[in-house]
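Only the coordinates and a few stated rules stand behind these numbers; no lab work does. Keep in mind that this is a model prediction, so the values were computed, not measured. Neighbour counts are summed over all protein chains in view; Cβ atoms, including those assigned to glycine, are modelled from backbone coordinates with ideal geometry.
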Ligand code: SF4
């Protein structure tokens, strides 16, 4: 079984690297030249099918870990429910990918402020970001959102991330600086959107590329094999940094 998991891990790493390389090439290339054409539709269908296959493999891994580790079942069920509901089910049901904004609130993304996002999804995203996350953190600490809800770091670390076990303690310096810098970047981006509304488009495009590189490409291709399942959470995530600030405030308040 160990050999099969090692083979699966190597296959998945190559698979994930290939997906993100194609996606990155799509971001870099000027696809406006083929906008609305059959070629663009083919590229989009190809990427969507590959992503669906990846999610199917993740679901199989979650079921495998649920059977193997009964003590993790509740957490696995919870993160799977939130992941598949907000990343797949609602976006497909409403034909609207911006439903992801609900569990990717600021400072994780600026999706809530995207012109394509409906007012309902924006309102839900703001509610989650500014009310639900702080409340969960006050009540259950970091494990409230990061342990049982987050469709990103929590879900992928419990599925794909569990296949890797690199030595602990790597890139400590990055852990010290990157989350606070990323949080600062997102705070400046948010302030810019409110103070200079005409800057929304370039700010949103910059944030999209930063999010793609940090939380998808670097996390799943480099971070997980090099640092571990929670590499994005510990070494980068601006929402995780904000949750840490809330906890520090709570401790000071209690003390
Ligand atoms: S640290 Fe960030 S990515 Fe990780 S679980 Fe928490 S919110 Fe999600």
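Each 5 Å bin from zero holds the following percent of Cα-Cα pairs in segment 67-254: 1, 8, 15, 20, 22, 17, 11, 5, 1, 0, 0.
Counting every other Cβ atom within 10 Å of each residue's Cβ, 50, 67, 27 order from fewest to most as 67, 27, 50. For the residues 106, 13, 140, a GNM of the chain with alpha-carbon springs under 10 Å puts the largest fluctuation on 140.
Each label point is 7 Å from the Cα along the Cα-to-Cβ direction; what then is the distance between the points at residue 142 and residue 92, in nm? Simple spin-label model gives 3.4 nm for this pair.
By the helix-only formula, in which each DSSP H run with n ≥ 4 contributes -39500 (n - 2.57) and the sum is divided by residues, the chain has a 222 nm mean residue ellipticity of -19500 deg cm²/dmol. Residues of segment 134-159 falling in the label zone of residue 60, defined by backbone nitrogen less than 17 Å from a point 7 Å along Cα to beta-carbon, are 159. GNM remark for the chain: springs join alpha carbons under 10 Å apart, and the peak mean-square fluctuation among 69, 219, 232 falls on 69. Ordering 137, 45 from the fewest to the most neighbouring beta carbons within 10 Å gives 45, 137.
Segment 59-96 and segment 181-255 have Cα centres separated by 23 Å. What is the order of 250, 95, fewest Cβ neighbours within 10 Å to most? Ordered from fewest to most neighbouring Cβ atoms within 10 Å, 250, 95 come out as 95, 250.
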